[in-house]
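I have placed the structure first, in the form of structure tokens, so that the comments after it can refer back to it.
The values are calculated or read from the model by the stated rules, or taken from the named source; none is laboratory data. Since this is a predicted model, take the numbers as computed values, not measurements. Because the Cβ atoms are built from the backbone with ideal geometry, glycine has one as well, and the counts that use them run over all protein chains shown. For the accessible areas, the whole protein counts, side chains as well, though only heavy atoms, and no ligand, DNA or RNA atoms are used. Shrake-Rupley method; radii C 1.70, N 1.55, O 1.52, S 1.80 Å.
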Amino acid sequence: QVQLVESGGGLVQPGGSLRLSCAASGFTFSNYGIRWYRQAPGKERELVAAISAGGITNYADSVKGRFTISRDNAKNTVYLQMNSLKLEDTDVYFCNARWRQSNYWGQGTQVTVSS
């Protein structure tokens, strides 16, 4: 059974940090590119960061220099380290795995940045 399980969300003050995890199972994780998206109610889902199967990373302009995506294929896990968090980073964050015609999503984890 394919699963992507996000964790690590929560409430943090502006300027704080969180590390999100996306744990995968049920498929050959190392073949897949992994992306983090975020979405607020009533808004379109936004691509935040991506890491290819080979470890190449890309980031949205809004998070460059603040967020870092990484992967540990031995643990079938991708991480999103989020530093210098801003109020506008408040969203539900989703993990997505893609390879060829396969496309899997997690259930999301809430990140709330508030003073």
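Scan Leu80, Leu85 and give me the residue that is at pLDDT 95 or above, surrounded by 15 or more Cβ atoms within 10 Å (Cβ to Cβ) and not in a strand (DSSP E or B). Even if it seems obvious, please write down each step before you answer.
Numbers: Leu80 fails: not in a strand (DSSP E or B).
That would be Leu85, the only listed residue that is at pLDDT 95 or above, surrounded by 15 or more Cβ atoms within 10 Å (Cβ to Cβ) and not in a strand (DSSP E or B).
Among the residues making up segment 88-115, those that are outside any loop (DSSP other than H, G, I, E, B), within 18 Å of Leu11 (Cα to Cα) and touching a strand residue (DSSP E or B) at 6+ places or on another chain (Cβ under 7 Å) are Asp89, Asp91, Val92, Tyr93, Phe94, Thr109, Gln110, Val111, Thr112, Val113. Residues of segment 5-55 that are in contact (Cβ under 8 Å) with a residue 40 or more places away in the chain, within 11 Å of the chain's Cα centre (by Cα) and open to solvent by less than 40 Å² (accessible area, probe 1.4 Å): Glu6, Gly8, Gly9, Leu20, Ser21, Cys22, Ile34, Trp36, Tyr37, Arg38, Val48. The single condition among (1) closer than 17 Å to Thr90 by Cα; (2) of a type outside the set (Lys, Arg); (3) at pLDDT 95 or above that Gly42 does not meet is (3). One residue stands out in segment 64-115 among those that are more than 19 Å from Gln1 (Cα to Cα) and of a type in the set (Val, Ile, Thr): the one that is nearest to the chain's Cα centre (by Cα), namely Ile69. Within segment 94-112, residues that are surrounded by 17 or more Cβ atoms within 10 Å (Cβ to Cβ) have Cβ atoms under 6 Å from residues that are outside any strand (DSSP E or B) in these pairs: Phe94/Gly106; Phe94/Gly108; Cys95/Gly106; Ala97/Tyr32; Tyr104/Val2; Thr109/Gly9; Val111/Gly9, counting only partners at least 6 apart in sequence or on another chain.
In segment 66-77, which residues are open to solvent by 40 Å² or more (accessible area, probe 1.4 Å), part of a loop (DSSP other than H, G, I, E, B) and either in contact (Cβ under 8 Å) with a residue 12 or more places away in the chain or of a type in the set (Val, Ile, Thr) (or both)?
Start the filter on segment 66-77 by keeping residues that are open to solvent by 40 Å² or more (accessible area, probe 1.4 Å), which leaves 68, 70-76.
Then keep just the ones that are part of a loop (DSSP other than H, G, I, E, B); that gives 73-76.
Listed by number, the residues that qualify are Asn73, Lys75, Asn76.
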